[in-house]
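A quick write-up on the structure given underneath.
The values are calculated or read from the model by the stated rules, or taken from the named source; none is laboratory data. From a predicted model like this one, the values you see are computed outputs, not experimental measurements. For neighbour counting, all protein chains shown are included, and Cβ atoms are generated from backbone atoms with ideal geometry for every residue, glycine included. Keep in mind that these areas ignore ligands, DNA and RNA; they rest on the heavy atoms of the full protein, side chains included. Shrake-Rupley method; radii C 1.70, N 1.55, O 1.52, S 1.80 Å.
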Amino acid sequence: MDFPKRPNFQELEKEIMDFWEKEKLYKFNLEADKPVYSIDTPPPTISGKLHIGHAFSYSQAEFIARYKRMRGYNVFYPFGYDNNGLPTEKLAEEMHGVKAKDMSRAKFVELCLETSRKVEKEYERVFKRMGISCDWNELYRTIEPRVQKISQTSFLKLYEKGRVYRKLAPTLWCPKCETAIAQVELKDKEVNSFFNYILFELEDGGKIEIATTRPELLASCCAVFVHPGDKRYKHLVGKKAKVPLFNFYVPIMADKRVDPNKGTGIVMFCTFGDLTDVEWFKAYKFEPKISIASDGTLNELAGKYKGMKVKEAREAIIEDLKKEGLLVKQVPIKHVVNVHERCDTEIEFLLTKQWFIKYLDLKEKFLEAGRKIKWWPEHMRVRYENWINGLQWDWCISRQRYFGVPFPVWYCKKCGKEILASYDQLPVDPLKDKPSKPCSCGCKEFVPEKDVMDTWATSALTPLINAAWDKGTEHKRFKMLYPMSLRPNAHDIITFWDFNTIAMCMLHTGKVPFENIMISGHGLDRHGRKMSKSRGNVVLPLDMMEKYSADALRWWAASVKLGEDLNFREEDLRKGIRHATKLWNTARFASMHLKEKPNKPAKLNIVDRWLLAELAEVIDACTEAFEHYEYSKAKMHAEQFFWNVFCDYYLEMIKYRLYSGEEKDSALWTLYNSLLILLKLFAPFIPFVTEKIYQLLFRNYEGTKSIHISEWPKSEKDWYDKEALALGRIAVECIAALRKWKKLKNLSLAEEVENITLAHPEPEKVETIKKEIEKTMRIKNLLVEKGSEVIVKE
């Protein structure tokens, strides 16, 4: 048997990867008579290179897939690419040095598709190299025609249910991306700013001070508010104040939403500076004054400041206020602003016409749905519930972009009525296609909807995409796969992906879309910072796999509890290499003795019985951990047993029998089975080296073509041997004490010793296993006496 001394792990992994692909090892079988375990794999966004954080999160879900496959499940493990929407647009612009608005829409869409195809190939190469055991035949893209059809079907069905509406309303807006965004796309950012104390003149010539961080919105001022219980300003209610620099009057009103302790206690209401402005706009039905354009510059309403960017206009207005003697003071502050999570740009509120999904009235229903799903770890459900409780907006699903799933909608040119595509037209592009019939008013001319759907409106449907919802809920595939067994993802997209998926699938099916949610943490740089191109701290998984190995990278990913972040350090990959090398060397040692599959002897040596008793506990612990998605515990139990029991003691304790032939059959049988079990316990974590060892040492005897479709280890009843477990642990105590003594005497472990006395609290038990201790430690005559502790006496 050719068992190389030291394998080249990179070559080994590529060889095994080819073997898996050739054998179609991970192909889902729709006809198999096995229980199904279906995984709603997160489709990575096509937005650039994959970093070590992707390897971290995807590996953890993959551990579960391999475990379930070995437990006898027919594992459905698809893969997808989220390749529509803003991230792919931005990548295409960056890679090709173009701007979408400078090209025809058709050409830019084609460029995005070309970019996506190129990046997808690189993603697939990385994920396959990592050993991600997906069925690559079950591949979808969120921009492909079948998925567009499902997404447009979803829109039409929600429209029919009265859950979709189009409305002119204050909208969260990113001026850099020039599109509406949803509440879920916001993130908080602390910035340095100023409270600018500005003088407003009253009709009678008096003056009031108003503190604001946004003087650039003076042109959009609609009113001034005070708190109704604030005695300082009660006399002002009903009067008017003149807006400085712009010289128009606005009413002074009272409202309980004013904080009397903030600034001066007087607030200017503009359309729109923040969410409170939006609430006042809706409550008092003001005529809007919009002074900021879609690109973040000020418009004609701002007069001489037209064309300036927001911050530029802020500085110019502050200078003019100073010149006019209208700026009392500036107080430095730090405050939190909302920015677009894609580009870090401070958002604005603009009055625009957008499509929304109505779901604020269903918050309780969504909370209840979340409680029907098992969350791993359980505390992650709190994030989901906090998000729902904090929801203030219906979901804005329209985007003023180019590359995305089109709305299946036109507008009648004559009467403006919304005209929806028929189901048999889908997928449809209103820019190219026409409605199947005239408008009810008789008009045959239509204006196409140019906006595209938010990418999350499509990726929220992945359970339905995977289950072939387009073929109907009675279809065999849908019944087999929905609801899915597992949704794995990192904690940062609980609000993006998990919530929206639960919401959409509940609206369409009335059922939760998955039984379990597995939430991973983030792989961070060595200083605990998130990896980003701007920081220059991105580590590429392919580089690490070429330098170390995929198994080493996976070993690192398994070393932290589910849900926890982990700093990346190369020294941790060296630990993975060390472990794989130790496993290889152990298997190589075994191969020198295992020339055939050994038969179980009638009687096992006490040391072999002890090893099996220890192993039974490890199998149970690993299985229990995996069943609770605690892969790091499973790794810990298997690793500690392998190093501290199997290698440090058991192998040393059986060497004399392997070489002398005494009770060799018992040692060989136990060695064969325990090593095979260890390979299986490690297989979910380090699939390449375990597969190679299995192929070299076990496949001819076991028959199953791959370790990854072999049966997960089970303990035999007679392995639970309390007597053997106790005696074996006593032997380990004694051997440890004797090793320590030899080291103190500068004796090699292989050096023979004539007579040694060993004190032990239970000498009679030591006597029953004395022979194994003597043979292991090369002691001719071990004298055992009673003592309060385990100690060697000369």
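Just a few scattered comments:
- Label point at His628 placed 7 Å out along Cα→Cβ; residues across the stretch 353-383 whose backbone nitrogen lies under 16 Å: 374-380
- Those aspartates and glutamates that a straight Cα-Cα span of less than 14 Å connects to Lys240, excepting residues fewer than 8 apart in one chain: Glu201, Glu203, Asp204, Glu209
- Anchor Lys304: lysines whose Cα lies under 19 Å away (excluding residues fewer than 8 positions away in-chain): Lys242, Lys289, Lys322, Lys323
- Accessible surface for the chain, divided over its residues, is 44 Å² per residue with a 1.4 Å probe.
- With Cα atoms, 0 to 90° folded angle of helix 664-682 axis to the chain main axis: 0 degrees
- MRE, 222 nm, helices only [DSSP H, n ≥ 4, -39500 (n - 2.57), over the chain, to nearest 500]: -12000 deg cm²/dmol
- The calculated FRET efficiency for the pair Arg232 and Asn389, based on their C-beta separation and a Förster distance of 25 Å, comes to about 0.10.
- Packing around the peptides 433-440, 502-509, 356-363, taken as the average count of other Cβ atoms within 10 Å per residue, puts them in this order, highest first: 502-509, 356-363, 433-440.
- In plain terms, the C-alpha convex hull of the chain casts an average shadow of 44.2 nm² when viewed from every direction.
- Acute angle (nearest 10 degrees) that the helix 86-96 long axis makes with the longest principal axis of the chain, alpha-carbon atoms: 90 degrees
- Folded to 0 to 90 degrees: helix 310-323 orientation relative to the chain principal axis, Cα: 50 degrees
- The peptide list 763-774, 138-149, 667-678, put in order of mean Cβ contacts within 10 Å with the highest first, becomes 667-678, 138-149, 763-774.
- Stretchable slack from Ser193 to Lys161, in nm (0.36 nm times residue separation minus alpha-carbon distance): 7.0 nm
- Working ranking of peptides 22-32, 88-98, 725-735 by packing, defined as the average number of other Cβ atoms within 10 Å per residue, highest first, is 725-735, 88-98, 22-32.
- Label-point separation, Tyr701 to Lys107 (7 Å along Cα→Cβ), nm: 6.8 nm
- The fraction of accessible area contributed by carbon and sulfur in the stretch 644-794 is 48 percent, rounded to a whole number (1.4 Å probe; ligands and nucleic acids excluded).
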